[in-house]
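K.L.:
One structure, as structure tokens, below. Some questions next.
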Amino acid sequence: VDEDFNLSSCYLVVNGTTNKTLSNPVNHQENSIQLTGLASGKYLWTINCSDAAGNIRTNTSLRVVYVDTDAPVINSFSASPETLDLNEVVNLTVNVTDNFNVSTVLAEIKNPQESVANNYTMDWLQGNLYNLSYTDTTTRGKYTVYIYGNDTLGNTVKSGPYYFYVEVGISLDKLYYN
């Protein structure tokens, strides 16, 4: 607050409603008003102050703040093909949405013979779709996949487990007999 008269209070106006009052703000110093508990959404705000004589100074330029407490949502997962032959490519596709902006989508994949999983950044295709063409299918068995979605404000979600299978002799374009 930077005024040469004796301020008595300043108040925060959010979406046209007074939400919080700061009594006895200090002139020529930065003062702060903290508001908590807002739901996710877009808010327009401003600060208004008054002096001891009842004069009100209104800040007419509205500011915008976005509150995001919601993690992204992983709506679907598919592995194509779900069962494949050794050394074939599997396409993992997910649909991820967020109320503001999806930042990163990761696939955590655990090979059936390994104790540690590896993370892979999925590529954005279009709209809400992300894809990973996974090529490390050199081991037979059940592969475990978890999907992580992260938005631009740091909210994260984990979904899964999902599975795809690598078998020997199942390829449709080759004939194998056991």
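The values are calculated or read from the model by the stated rules, or taken from the named source; none is laboratory data. All values derive from a computational prediction rather than experimental measurement. FYI the Cβ positions are ideal-geometry reconstructions off the backbone, even for glycines, and counts take in every protein chain you see. With ligands, DNA and RNA removed, areas are computed over all heavy atoms of the protein, side chains included. Shrake-Rupley method; radii C 1.70, N 1.55, O 1.52, S 1.80 Å.
K.L.:
Seen from all sides and averaged, what is the projected area of the convex hull of the Cα atoms in the chain, in nm²?
P.N.:
Mean projected area for the chain: 14.6 nm², to one decimal.
K.L.:
Applying 1/(1 + (r/R0)^6) with R0 = 30 Å to the Cβ-Cβ distance of ASN59 and ASN99, what FRET efficiency is obtained, to the nearest 0.05?
P.N.:
Working from the Cβ atoms, E equals 0.60.
K.L.:
While we're on this one: Once you place label points 7 Å from the Cα toward the Cβ at THR69 and LEU35, how far apart are they in nm?
P.N.:
Reported label-point gap for THR69 and LEU35 is 1.4 nm.
K.L.:
With springs connecting C-alpha atoms under 10 Å apart, model the chain as a Gaussian network and identify which of GLU30, GLU114, GLU88 has the largest mean-square fluctuation.
P.N.:
GLU30
K.L.:
Do you know the Lys pair count in the chain for C-alpha distances under 23 Å, with sequence separation 8 or more or different chains? Mind showing how you got there, number by number?
P.N.:
Working: LYS20/LYS42; LYS110/LYS142; LYS110/LYS158; LYS142/LYS158; LYS142/LYS174.
Here the count comes out as 5.
K.L.:
Just tell me the longest site-free run in the chain, where the sites are chymotrypsin sites (Phe, Trp or Tyr not before Pro) in a DSSP loop having at most 14 other beta-carbon atoms within 10 Å.
P.N.:
6-175
K.L.:
When a/c is below 1.5 the answer is rounded, else prolate if a/b is larger than b/c, else oblate, so apply that to the stretch 78-130 with a ≥ b ≥ c taken from the square roots of the Cα gyration tensor eigenvalues. Show your work: numbers first, answer last.
P.N.:
Working: a/c = 3.15, a/b = 1.65, b/c = 1.91.
Here the stretch 78-130 falls in the oblate category.
K.L.:
Still on this structure: So what's Rg/Rh here for the stretch 1-71, counting alpha carbon atoms and using the Kirkwood radius for Rh? Walk me through the numbers before you get to the answer.
P.N.:
Details: Rg = 13.4 Å, Rh = 13.1 Å.
Using only Cα positions, Rg/Rh for the stretch 1-71 is 1.02.
K.L.:
Ok, one more. For the chain, what is the accessible area per residue in Å², given a 1.4 Å probe and the full set of protein chains? Intermediate results must be reported in sequence, preceding the final value.
P.N.:
On the way: 10820 Å² over 178 residues.
Roughly 61 Å² per residue, with all protein chains present.
K.L.:
Right, next: What ³J(HN,Hα) values, in whole Hz, does the Karplus curve 6.51 cos²θ - 1.76 cosθ + 1.60 give for the stretch 113-125 when θ = phi - 60°, with x put for Gly and Pro?
P.N.:
9, 10, 8, 10, 8, 10, 9, 10, 6, 7, 8, 6, 8
K.L.:
Among ASP123, ASP136, ASP51, determine the one that fluctuates most according to a GNM of the chain built with springs between C-alpha atoms less than 10 Å apart.
P.N.:
Result: ASP51 has the largest fluctuation of those listed.
K.L.:
So, in nm, how far is label ASN6 from label ASN48 when the simple model puts each one 7 Å beyond its Cα toward the Cβ?
P.N.:
That separation, rounded to one decimal, is 2.3 nm.
K.L.:
Here's another thing I want to ask about it. When the accessible area of the stretch 1-159 is split by element with a 1.4 Å probe, what percent falls to carbon and sulfur?
P.N.:
Details: 4170 of 9290 Å².
The C+S portion of the solvent-accessible surface of the stretch 1-159 is 45 percent.
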